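See below for the structure under consideration.
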Amino acid sequence: MKANHLFAALAVLLFAAAPARAEWSGCLSSLRGDAAGAGVSRQTIASATDGLTPNDAVSFMDKQPEFTTPVWDYVAGLLDEERVEEGRVMLRQHARVLHAAESRYGVDAPTIVAVWGVESDFGKSFGKRPVVQSLATLACEAPRRNDYWRKEFIAALRILDSGDIAPEEFYGSWAGAFGHTQFMPSTFLRMAVDLDGDGRRNIASSAADSLGSTANYLRKSGWRSGMPWGFEVRLPEGYSGPSGRGHRQSMGFWQSRGIMRLDGSGLGDGAAALLLPAGRSGPAFLVTKNFDAIYTYNAAESYALAICVLSDMLRGRPGIQTPWPTDDPGLSRAERRELQALLTRNGYDVGDSDGVIGTKTKEAIADFQSRAGLERNGRASLKVLNALRGR
């Protein structure tokens, strides 16, 4: 009797899965047809899609840290001394390539390297998902923007067809961004350049092509050579005037409202918008069109701010000076690794102490917070780290 129930249950599962398989097969067939219509060879289409199954890309659509993480946490993990020191090493090691990119496209070396550092930690973190598989999954199963994912899927096959990127190195993020500076496939087709002169535009294995392509992207996105991205400012007490990246005014306008540089000096010439990433009680910045050019790379203000401030720090300038409006700051990568090691020492399974705050670490933090009398939110913060340290 039990066996009959088991067989019945398996039959129900198989019957339920059949429509999903048919839907996937039909969508993939449609994608193949669109790729063929775009001129992709039959050989490339077959090689890239035969036996293709969906992956977990859809599950990440609403979990992008630049949109879901408090800005002080997001920035803390990107603007730490490790990244600054390694960025300075990259500036020296790739000086010739960076000079060529700056000469050709007008984007300064610290800005290019800052993008590289934020996007892939200087080539150490490209993402591990096959680009074609992720984009096919999103095109067929995402709850929104399916046409966008479909276009990116076709662009990815065109890249393979061109020979610029080999299949074995075509891996990236859940969304299909790939290479040292994480281009989407359609961006690659429009903006990638062959800076090393080997006949291929390969941002997966050529740092030179990646850095040149990034400079080309920023130039075409409105970057103006010699213009600063902006700078941190001090607001007058009780400021209630306009703000927001879309509200650009002359420096004279902002100065007339009592806004000044942190050192008390004037604002200079040009136009800028007032950025308040954590509201009026946190750091404030006047940002120019060069900030907007970086914003187009990934439409999140916290992301663009991290790159801009990192570029300043690579020049030897200070980072963000005004404290964030929180009594529980975010952690650097070194502090996150320490937190994970202390959790492990306390009997939690968080995997490797790599500074990446994944599901296991968040679950462990939440349990520890409950035991330590802290707010249970799974957030890696200074209060949690200090509690683990026994302070």
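Scanning the range 104-128 for residues that are basic (Lys, Arg) and in contact with a Ser or Thr (Cβ under 6 Å, 6 or more places away or on another chain) yields a total of 0. Against the definition (closer than 17 Å to Asp367 by Cα, outside any helix (DSSP H, G or I) and not small (Gly, Ala, Ser)), how does Asp328 come out, yes or no? Criteria not met by Asp328. With respect to (1) in a helix (DSSP H, G or I); (2) farther than 22 Å from Gly319 by Cβ; (3) not hydroxyl-bearing (Ser, Thr, Tyr), the lone exception for Leu52 is condition (1). Checked against (1) in contact (Cβ under 8 Å) with a residue 24 or more places away in the chain; (2) out of contact with any helix residue (DSSP H, G or I) (no Cβ under 7 Å at 6 or more places or on another chain); (3) not aliphatic (A, V, I, L, M), Glu168 meets all criteria but (1).
In the set Gly230, Gly226, Gly197, only one residue is surrounded by fewer than 15 Cβ atoms within 10 Å (Cβ to Cβ) and within 29 Å of Arg248 (Cα to Cα); that residue is Gly226.
The helices (runs of 4 or more DSSP H) falling completely within the range 77-127 that include 3 or more residues that are free of Cβ contacts under 8 Å to residues at least 12 places away in the same chain and either within 16 Å of Ser210 (Cα to Cα) or of a type outside the set (Asp, Glu) (or both) map to 81-93, 95-105.
So is Arg317 basic (Lys, Arg), surrounded by 20 or more Cβ atoms within 10 Å (Cβ to Cβ) and closer than 30 Å to Pro110 by Cα or not? Spelling it out, it is not the case that Arg317 is basic (Lys, Arg), surrounded by 20 or more Cβ atoms within 10 Å (Cβ to Cβ) and closer than 30 Å to Pro110 by Cα.
Do we have any residue at all in the range 350-368 that's part of a helix (DSSP H, G or I) and touching a Pro at 6+ places or on another chain (Cβ under 7 Å)?
There is no residue in the range 350-368 that is part of a helix (DSSP H, G or I) and touching a Pro at 6+ places or on another chain (Cβ under 7 Å).
Those helices (runs of 4 or more DSSP H) of the range 170-268 in which 2 or more residues are of a type outside the set (Phe, Trp, Tyr) and farther than 30 Å from Ala278 by Cβ occupy 185-191, 207-220.
Where a number appears in this text, it was derived from the coordinates with a stated rule and is not lab data. Just so you know, these numbers come straight off a predicted model, no measurement behind them. Counting neighbours? That spans all protein chains shown, and the Cβs are built from the backbone with ideal geometry, glycine included.
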